[in-house]
Amino acid sequence: MVSKLTQDPHRTRDGEREKVLEVAIGREVRAFRRQQEITVAELSQITGLSIGMLSKIENGNTSPSLTTLQLLANALSVPLTSFFRRFEESRQAVHTKSGEGVSIDREGTRANHQYNLLGHIGANASGVIVEPYLITLTAESDVFPAFQHGGIETIYMLEGEVDYRHGDDVFALKPGDTLFFDADAPHGPDKLVALPARYLSVISYPQNT
């Protein structure tokens with residue numbers, strides 16, 4: 001079964017850099033307005049800008065002049081430069097070479113479940129934290145099908161075979177298999193079928209949790 005996705009992974013960020021700036025400004029205007037619980041109609045009355053113009057600005061569909069931005073800054077009691085903060089934010093990338101993942105004891109880790117964190121980016125504009133792990137299970141590892149934590153988890157099997165439980169269901173994972181699930185349900189290796197076993201585990205959750 002093939003589902004049509006609404007997000008194109010190959011598209012550029014709204015095309016030109018100027019368009020990205022307009023979108024960034026619009027997001028900030030909307031965010032400051034909502035923080036102060038001001039409606040678009042009320043902001044229109046304060047600034048003298050039409051509701052249609054304000055809507056275009058917030059949606060990134062027009063390039064506001066400095067005069068217009070100054071009107072908005074005064075009305076929202078924020079510095080003019082605050083409208084550009086997301087546009088100027090740096091975007092991080094983490095490159096982890098083979099064998100250099102940080103071996104950690106993740107909260108809830110069981111005996112002899114080796115977790116290698118492959119990269120980490122903290123607070124970011126997306127509002128989502130993603131933790132990618134390389135997990136290795138050996139003959140010394142124990143089974144534990146009762147992990148529970150917030151977020152969404154994706155497992156991609158690289159080597160070996162594991163019967164992996166999620167809630168009341170058990171999935172036989174072999175190399176190349178993927179399991180994508182709500183991590184709030186009890187889950188984890190239920191039976192170690194062929195060892196050593198290695199799989200990628202990518203956990204994502206809102207950064208405010």
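The numbers here are math on the coordinates, done by the rules we state, and not lab data. Because the structure is a prediction, the values reported are computed rather than measured. Note that we place each Cβ from the backbone using ideal geometry, even for glycine, and neighbour counts take in every protein chain shown.
Some notes on this structure:
- For the pair Asn112 and Leu80, the difference between a 0.36 nm per residue extended length and the Cα-Cα distance amounts to 6.1 nm.
- Spin-label pair Gln35/Gln207, simplified geometry with 7 Å Cα→Cβ offset, distance in nm: 1.5 nm
- For region 169-209 and region 24-53, distance of Cα centres in Å: 45 Å
- Sequence-ordered 3J(HN,Hα) estimates for region 140-147 from the Karplus curve with 6.51, -1.76 and 1.60 and θ = phi - 60° stand at 8, 7, 9, 8, 7, x, 10, 4 Hz, glycine and proline given as x.
- Taking amide H atoms as placed 1.01 Å from N in the peptide plane, the amide H of Phe171 lies under 5 Å from those of Tyr164, Arg165, His166, each 5 or more residues away in sequence or on another chain.
- Förster radius 25 Å - calculated FRET efficiency between Asp168 and Ile121 (Cβ-Cβ, nearest 0.05): 0.15
- Near the amide H of Asp177, within less than 5 Å, lie the amide hydrogens of Met157, all on another chain or at least 5 residues away, with H placed in the peptide plane.
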